[in-house]
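Q: Questions regarding the structure given below will be posed in turn.
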Amino acid sequence: MIELRPAVTADVPSLLELWEVAAENDSRPTDSAVKVETLIARDPEACTVAVTEDGRVVGSLISGWDGWRAHLYRLAVHPDVRRQGLAHRLLDHAETRLVALGAGRIDAMVLEGNDLGQSLWKSSGYESQAEWRRWVRPVG
Ligand SMILES: CC(C)(COP(=O)(O)OP(=O)(O)OC[C@H]1O[C@@H](n2cnc3c(N)ncnc32)[C@H](O)[C@@H]1OP(=O)(O)O)[C@@H](O)C(=O)NCCC(=O)NCCS
């Protein structure tokens with residue numbers, strides 16, 4: 001049985017290991033323990049982990065709510081446990097939280113060419129908005 005629960009600081013090394021092997025890692029800033037710890041401290045419910053009975057972190061999803069918009073990040077499922085509905089469970093969990101907080105729409109960044117990711121979002125009712133491009137400037 002795989003349990004979903006909020007990530008705690010002690011999970012951070014396991015999360016970084018999971019993201020090394022299981023997350024969408026192109027065209028994005030490098031993860032650091034400090035940044036994940038800051039997220040957990042700021043909103044202890046934002047990062048959900050999926051944990052096996054023997055304590056292994058095999059899935060994650062960050063649901064960010066800023067009081068205005070709702071964003072999903074770091075949906076990742078370890079290759080050992082894919083195609084068992086875990087991404088759908090993580091997504092249901094995050095959507096329930098975000099709707100309860102007041103979200104009217106939820107979005108996610110998905111790389112062009114990530115066919116696996118795109119098939120997950122499509123099957124979950126998400127649609128690509130071709131008219132928008134993301135504009136970024138690195139700071140700090
Ligand atoms: C995408 C990912 C999160 C899916 O996790 P998962 O637990 O295997 O997904 P689920 O079992 O809940 O499947 C959900 C849906 O995703 C789609 N999907 C998942 N794996 C798929 C595959 N190998 N081929 C085609 N569709 C797939 C299907 O539509 C599936 O629904 P279905 O099983 O009813 O057909 C996982 O493959 C992953 O971590 N990929 C790398 C990271 C990534 O790309 N994350 C998304 C970032 S935008």
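Q: At 7 Å along Cα-to-Cβ for each site, give me the label-to-label distance between Ser27 and Arg82 in nm.
A: In this crude label model, Ser27 to Arg82 measures out at 2.0 nm.
Q: Right, next: Take peptides 78-88, 124-134, 49-59 and line them up by average Cβ neighbours within 10 Å, highest first, as a rough protection proxy.
A: On the way: 78-88: 14.4, 124-134: 8.7, 49-59: 16.4.
Ranked from most to least packed, the peptides come out as 49-59, 78-88, 124-134.
Q: Rounded to the nearest 0.05, what FRET efficiency is calculated for Val136 and Thr9 with R0 set to 30 Å and r the Cβ-Cβ distance?
A: 0.60
Q: Once you list every other residue whose beta carbon is under 12 Å from the beta carbon of Ser63, what net charge do they have if Lys and Arg are +1 and Asp and Glu are -1?
A: -3
Q: Turning to a different aspect of this structure: Sticking with the crude label model, points 7 Å out along Cα→Cβ, report the distance from Ser124 to Thr96 in nm, one decimal please.
A: 1.5
Q: Among DSSP beta bridges lying fully in the chain, give the percent that are antiparallel, nearest 5.
A: 85
Q: With unit charges on the beta carbon (Lys/Arg positive, Asp/Glu negative), name the residue among Ala33, Gly104, Val51 whose Cα is farthest towards the positive pole of the charge dipole of the chain.
A: Selected residue: Gly104.
Q: Something else now. Would you report the distance distribution of C-alpha pairs in the chain as whole percents per 5 angstrom bin, up to the bin with the largest distance?
A: 2, 9, 19, 24, 22, 17, 6, 1, 0, 0
Where a number appears in this text, it was derived from the coordinates with a stated rule and is not lab data. Here the structure is a predicted model, which means the values were calculated and not measured. Using ideal geometry, Cβ is built from the backbone for each residue, glycine included, and neighbour counts are taken over all protein chains shown.
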